[in-house]
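The values are calculated or read from the model by the stated rules, or taken from the named source; none is laboratory data. Predicted model, so just to flag it, every value in this text is computed and none were measured. Every residue, glycine among them, receives a Cβ derived from its backbone with ideal geometry; neighbour counts consider all protein chains shown. Accessible surface is based on the protein model in full, side chains and every heavy atom, while ligands, DNA and RNA are left aside. Shrake-Rupley method; radii C 1.70, N 1.55, O 1.52, S 1.80 Å.
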Amino acid sequence: VQLQASGGGLVQPGGFLRLSCAASRSIFSINVMGWYRQAPGKQRELVALITSDGTTNYEVHLKGRFTIARDDAKNVVYLQMNSLKPEDTAVYYCNAVVYGSSYWGPGTEVTVSS
């Protein structure tokens, strides 16, 4: 499966962005889809996951500001990011796990700065 993330950009602190991850095939049966991020000089970290039955899981410090959702009809997974902070600056990556295999798309860069 090929994944394409979009929606990143420059936003002021307190602002919001919605990232989209478009898959090249139906996501209906994809076990888990998620968003990860990697800030400069840091390791890639989990942001949020969503399973095929809609169960979500968030990095504990991001829950409440970030929301992951999926639209199976459009084969897209979204990440709504609100109340953005400078420390949210990172490259955000979309991930899909299909029968134990992990797929990554190219990231989309998010910069939170005034």
* To do: Kindly check whether there is at least one residue in the stretch 91-109 that is at pLDDT 95 or above and over 19 Å from SER6 (Cα atoms).
  => no
* Asked: Hey, any hits in the stretch 43-52 for a residue that's open to solvent by 80 Å² or more (accessible area, probe 1.4 Å) and among the basic types (Lys, Arg)?
  -> yes
* Structure fact -> Note on SER114: of the conditions (1) open to solvent by less than 40 Å² (accessible area, probe 1.4 Å); (2) assigned to a loop (DSSP other than H, G, I, E, B), unmet is (1)
* **Residues located in the stretch 1-60, provided they are more than 14 Å from ASN95 (Cα to Cα) and charged (D, E, K, R)** => ARG18, LYS42, ASP53, GLU59
* To do: All but one of (1) under 19 Å from SER6 (Cβ atoms); (2) of a type outside the set (Phe, Trp, Tyr); (3) more than 9 Å from the chain's Cα centre (by Cα); (4) open to solvent by 20 Å² or more (accessible area, probe 1.4 Å) hold for LEU84, so report the exception by its number.
  => (4)
